[in-house]
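Undergrad: Let me give you the structure first, and then I'll get to my questions.
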Amino acid sequence: MTRPGTAGITLLAALVAALSAAACGSGAGPPAAVGGPAATAAAPPVTGAVPVGRSGKVTLVAEQVAWSPAAIRMTAGQRVTIVIANRDAIEHDFTVAGLGLRRVVRGERRATVSFVAPPPGTYHFVCTLHPLMKGDIAVL
């Protein structure tokens, strides 16, 4: 027999335990957000990818906790400069774990990152401070 008033507490404790177990087993968290596999070789083309032009320069905008464009396309061996324009008041970072790239951009500022495009495949970028900010680099 349950004492009066304890049924609600028991139900609340069971609910908290169930939600905690579900969150722990979800697989979400920094390792998955930081890039998962470094690159997906022979990946299908990334749809809607903005090509890096002959200049090798492309602008990536961080705004309202999202990247625009969310996909960039380049050629293997190409010298690339990504201008990161942070339009938010908060700090973001641009991280490509598979390429060892990380650049922090303070609120309402710009930064650049330059590199030589790696072998063909799909590489994933993320703001590790806001793991839902994800995108892809398609290297052809």
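Undergrad: Could you list, bin by bin from short to long, the percent of Cα-Cα pairs of segment 30-139 in 10 Å steps?
TA: 16, 52, 29, 2
Undergrad: Continuing with the same structure: Calculate the FRET efficiency for Arg106 and Ala70 from the Cβ-Cβ distance with a Förster distance of 35 Å, rounded to the nearest 0.05.
TA: About 0.95, to the nearest 0.05.
Since every read-out is calculated from the coordinates, none of them should be taken as a lab result. This is a predicted model, so every value here is computed, not measured. Cβ: placed from backbone, ideal geometry, glycine included. Neighbour counts: every protein chain shown.
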